Amino acid sequence: MKHHIYNKVKHTAQKALLLGGWLGGGLLSSCYDLTEMSHNPYAIEGSGSAPTSEVTPVEDESKYADINLDYYVTAEDSAYWKDYISAVPSDLRSFLYQSYYSQYQRATNLTHDVYSGYGAYNQPKHMNGSPRYGYTDGWSAYRWEDFYNQRCTEYRNMLRALKFNSNPEHYRNMFYKVRIYMAFVLLAHTDTYGDMPCKQYVQAKIPEENNVPYDSQQDIYDCMFRMLEQAVDSINPEDKSQYNITDDDICYFGDDLKWLRFANTLRLRLALRISNVDPERARKEGEAALSNQYGLMASNDDNMQTVPKYAPASIGGEDAGGDENGMAMCSVAYNGEFVLSWDMEQFYRNLSTGGAEYTVREGSGRNATNVTKVIDPRCLKCWYRGNMTSETLAAGEESLREDYTGCHRNAPDDDLSMSVLKYSLTKTQPKPASKELNPDYYFNYSRPHVWLGYAESLFLKAEAVLRGWSGEALTMSVEDYVRAGIQASMDHYQVSAAEAQAYIGGVKCFADGTFQSGDKERILEALITHKWMAVFPNGNEGWADFRRTDYPALEGMYNAETGYTPNTSGDPILDRHLIKRLLYPNSESANQYFTSNTELQQRNMQSTRLWWDVDDTMDDSGNRKTYNNFR
């Protein structure tokens, strides 16, 4: 079987070169390596002289046959993979770090972090690209290319080394931990694109040249469910003779029980994702996760996160001079490109009558007064007040005359400026203080980025109870799980007990009878809204959950009062509706499977809903619809 290598169409590389000059500006400009864009997205890179032979063995009749490594390699190649074991720790470190963090701005921040409603872009030069739905291949294609080119190569090499050696049983636990993380990475990509090449990569195969088949999103979810089930059933945390990686396992440092709890929590997340489109399978998978002997995440210590390389080695970083927290880089380091969204500002202010008090100095001279306000205490941890300057950013201090200010994601050009930073930026101390995890500056450059955390796991349990699912892990009511989820989020941000109690005690949906109403849709909106707040800053999950449930009530891109729509996609549906997926990269024009599949091409629109997204958020007038999440 040949390596799958083909060249990108010429206009893609030309377009990338044009875009390179479009992404500058600020104290530090957004920085992209244009040579990356000329790479074939399915090329086998970074594997050196790794052999590629595959010899089909006796038939595998298990239920995992189509996701197992169903082939042997030659004796010569097996010797190579036996020696490759020494490289597995470094591959694992890269796989765990880069899968969600590689080229964070163009792969995630310009798209998912905006579409989720968490932030907005204040950089006029960027706005007609992804933030306004204009597909930018030089940005968005990187996510696809990096996954198939780099991460799948690391995954393939690790799995082959862990299996094709003289004692594969010795490497069983590590083999399946790598598979768990692969399922986690697949989720982020299929929830971005929908149908995509999957199973051949899961099997650590090398697809045919210029003809990579796609799997449906429904089949990809089935694949992920079975990968997680198989892994949890196969890992034996009591077997201390197993090969283990500690320092280079930068997520859990070799703790098998944490990996198992993560896998169960991920399985529950997947189950709820398909609860509208396939409620029977959703219940089956969810209840299996909730009843598994290893349980779900037990505390914030179980959070699945990426620790920036900039962070000290003591917390999983490398004490590097760069590779800082991605969101802080996009906001403060890039001089105010990414800012607090108007949506999130409203939720910070309006979900509770209690919280943290702060003052705004108004007036001057003898008429100056301090106006006391109350806000979600997490806002004070995460964001600076508006109108920061280069001087105040350099000092890490904000003006007490300013307030927290969010930017509308559909803001016209006149409301955006990189010279006057009127919107709130991430609260990030200047270096070298930003090396420390100061709880009052959540987005210091060393701050880990959480992708699935304990707080989210509690909200997942809340929804499982709401849907009538059962499981040994379910011991509380919907309302109690929501309370616990908010508390876990407050604990993660190291909010004081007094401020957390004041916020939770004032949460409006606890006082207005929502959880006693019997109205499941009303309860779900409250649950998902508070979950969305806790999931921040994970735009991958925030956007996916929003498309699944249509909650929280984010503003649309269309402004009914002015008739203004910022849609630059060329898809007229998105004048009134919200974006549902990203386009496949232009390089797919060289993939024979894609070019010969008319239906796949026809669905390749950013207004096309994914398999599990059963309804549009907006009607054809650009107004929010009435939803039914309990079919």
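The values are calculated or read from the model by the stated rules, or taken from the named source; none is laboratory data. The structure displayed is predicted, hence computed values, not measured ones. Every residue, glycine among them, receives a Cβ derived from its backbone with ideal geometry; neighbour counts consider all protein chains shown. In case anyone asks, the SASA skips ligands and DNA or RNA and just uses the protein heavy atoms, side chains included. Shrake-Rupley method; radii C 1.70, N 1.55, O 1.52, S 1.80 Å.
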Kindly provide the set of residues from the stretch 566-587 that are touching a strand residue (DSSP E or B) at 6+ places or on another chain (Cβ under 9 Å) and open to solvent by 60 Å² or more (accessible area, probe 1.4 Å), ordered by number. R576
Of the listed residues (E229, E169), the one being within 30 Å of D613 (Cα to Cα), in a helix (DSSP H, G or I) and open to solvent by 10 Å² or more (accessible area, probe 1.4 Å) is E229
For the stretch 388-422, what are the residues that are over 24 Å from the mean Cα position of the chain (by Cα) and within 15 Å of W342 (Cα to Cα)? D403, Y404, T405, A411, P412, D415, L416, L421, K422
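To keep it simple, each residue is scored yes or no on (1) aliphatic (A, V, I, L, M); (2) within 19 Å of M304 (Cβ to Cβ); (3) under 24 Å from the mean Cα position of the chain (by Cα).
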residue: R160; (1), (2), (3): no, no, no
residue: R179; (1), (2), (3): no, yes, yes
residue: H189; (1), (2), (3): no, yes, yes
residue: M196; (1), (2), (3): yes, no, yes
residue: E208; (1), (2), (3): no, no, no
residue: D215; (1), (2), (3): no, no, yes
For A75, work out the one condition from (1) modelled with pLDDT under 90; (2) closer than 27 Å to R226 by Cα it doesn't fulfil. (2)
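Taking the stretch 49-87, which residues are of a type in the set (A, V, I, L, M, F, W, C) and under 12 Å from K163 (Cα atoms)? Quick ask: steps written out before the conclusion?
Residues of the stretch 49-87 of a type in the set (A, V, I, L, M, F, W, C): 50, 55, 58, 65, 67, 69, 73, 75, 79, 81, 85, 87.
If the condition is that a residue be of a type in the set (A, V, I, L, M, F, W, C) and under 12 Å from K163 (Cα atoms), then L69, V73, A79, W81, I85 are the ones that fit.
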Which of (1) open to solvent by 30 Å² or more (accessible area, probe 1.4 Å); (2) touching a residue at least 12 places away in the same chain (Cβ under 8 Å) is the odd one out, the single condition G563 does not satisfy? (2)
The listed residue being in contact with a helix residue (DSSP H, G or I) (Cβ under 8 Å, 6 or more places away or on another chain), open to solvent by 20 Å² or more (accessible area, probe 1.4 Å) and either over 22 Å from A484 (Cα atoms) or of a type in the set (S, T, Y) (or both), out of K309, K258: K309
Residues in the stretch 436-475 that are more than 25 Å from Y181 (Cβ to Cβ), crowded, with 24+ Cβ neighbours inside 10 Å and of a type in the set (A, V, I, L, M) total 1
When L574 is evaluated against the numbered criteria (1) part of a helix (DSSP H, G or I); (2) farther than 30 Å from L268 by Cβ; (3) of a type in the set (A, V, I, L, M, F, W, C); (4) touching a helix residue (DSSP H, G or I) at 6+ places or on another chain (Cβ under 8 Å), which criterion, by number, is the only one it fails? (4)
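For D249, are the conditions met, namely being buried (at least 19 other Cβ atoms within 10 Å of the Cβ), closer than 22 Å to W81 by Cα and either out of contact with any Gly (no Cβ under 8 Å at 6 or more places or on another chain) or without any contact (Cβ under 8 Å) to a residue 40 or more places away in the chain (or both)?
Working: buried (at least 19 other Cβ atoms within 10 Å of the Cβ): yes; closer than 22 Å to W81 by Cα: yes; either out of contact with any Gly (no Cβ under 8 Å at 6 or more places or on another chain) or without any contact (Cβ under 8 Å) to a residue 40 or more places away in the chain (or both): yes.
Considered against the rule, which asks whether it is buried (at least 19 other Cβ atoms within 10 Å of the Cβ), closer than 22 Å to W81 by Cα and either out of contact with any Gly (no Cβ under 8 Å at 6 or more places or on another chain) or without any contact (Cβ under 8 Å) to a residue 40 or more places away in the chain (or both), D249 comes out as yes.
Which one of V507, V478 is in contact with a strand residue (DSSP E or B) (Cβ under 7 Å, 6 or more places away or on another chain) and surrounded by 19 or more Cβ atoms within 10 Å (Cβ to Cβ)? Write out each step before concluding.
Working: V478 fails: in contact with a strand residue (DSSP E or B) (Cβ under 7 Å, 6 or more places away or on another chain).
From the options V507, V478, the qualifying one is V507.
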Filtering the stretch 340-389 down to residues that are at positive phi and out of contact with any Pro (no Cβ under 9 Å at 6 or more places or on another chain), which residue is least open to solvent (accessible area, probe 1.4 Å)? G363
For Q218, work out the one condition from (1) part of a helix (DSSP H, G or I); (2) open to solvent by 40 Å² or more (accessible area, probe 1.4 Å); (3) without any contact (Cβ under 8 Å) to a residue 60 or more places away in the chain; (4) more than 18 Å from S62 (Cβ to Cβ) it doesn't fulfil. (3)
Which of the residues that make up the stretch 485-500 are open to solvent by 30 Å² or more (accessible area, probe 1.4 Å) and without any contact (Cβ under 8 Å) to a residue 60 or more places away in the chain? Q487, A497, A498
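Quick one: in the stretch 312-325, of everything that is of a type outside the set (D, E, K, R) and surrounded by fewer than 19 Cβ atoms within 10 Å (Cβ to Cβ), which residue is farthest from W451 (Cα to Cα)? So that I can check it myself, show each step before the final result.
In the first step, residues of the stretch 312-325 are kept if they are of a type outside the set (D, E, K, R); the result is 312-317, 320-322, 325.
Cutting the leftovers down to surrounded by fewer than 19 Cβ atoms within 10 Å (Cβ to Cβ) gives us 312-315, 320-322.
Details: P312: 20, A313: 20, S314: 20, I315: 17, A320: 22, G321: 24, G322: 21 Å.
So, considering only residues that are of a type outside the set (D, E, K, R) and surrounded by fewer than 19 Cβ atoms within 10 Å (Cβ to Cβ), the one farthest from W451 (Cα to Cα) is G321.
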When the stretch 195-215 is examined, which residues are found to be closer than 17 Å to S589 by Cβ, of a type in the set (A, V, I, L, M, F, W, C) and either free of Cβ contacts under 8 Å to residues at least 12 places away in the same chain or in a loop (DSSP other than H, G, I, E, B) (or both)? V212
Just checking, how many residues over the stretch 302-319 are in contact (Cβ under 8 Å) with a residue 12 or more places away in the chain and either touching a Gly at 6+ places or on another chain (Cβ under 6 Å) or of a type outside the set (V, I, T) (or both)? 12
Long-range neighbours under 7 Å by Cβ, at least six apart or interchain, first residue closer than 15 Å to E362 by Cβ and hydrophobic (A, V, I, L, M, F, W, C) within the stretch 400-416, second open to solvent by 20 Å² or more (accessible area, probe 1.4 Å) and outside any loop (DSSP other than H, G, I, E, B): L400/T359; L400/R361
For the stretch 375-398 the number of residues that are in contact (Cβ under 8 Å) with a residue 40 or more places away in the chain and over 18 Å from Q429 (Cβ atoms) is 2
I'd like the full set of residues that are surrounded by 21 or more Cβ atoms within 10 Å (Cβ to Cβ) and among the charged types (D, E, K, R), limited to the stretch 270-281. R273
One residue from S99, S116 being open to solvent by 10 Å² or more (accessible area, probe 1.4 Å) and touching a Phe, Trp or Tyr at 6+ places or on another chain (Cβ under 9 Å): S99
Let me spell it out: the conditions are (1) surrounded by fewer than 18 Cβ atoms within 10 Å (Cβ to Cβ); (2) part of a loop (DSSP other than H, G, I, E, B); (3) modelled with pLDDT of 95 or more, and K284 meets all of them except one. Which number is the exception? (2)
Does the stretch 615-627 contain at least one residue that is within 25 Å of the chain's Cα centre (by Cα), among the hydrophobic types (A, V, I, L, M, F, W, C) and assigned to a helix (DSSP H, G or I)? no
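Looking at the stretch 297-305, is at least one residue among the small types (G, A, S) and crowded, with 18+ Cβ neighbours inside 10 Å? Talk me through it step by step, then tell me what you get.
Step one: filter the stretch 297-305 for residues among the small types (G, A, S), giving 298-299.
With crowded, with 18+ Cβ neighbours inside 10 Å added as a condition, the list becomes none.
For the stretch 297-305, residues among the small types (G, A, S) and crowded, with 18+ Cβ neighbours inside 10 Å: absent.
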Could you tell me whether any residue of the stretch 531-543 is more than 19 Å from T617 (Cβ to Cβ) and surrounded by fewer than 16 Cβ atoms within 10 Å (Cβ to Cβ)? no
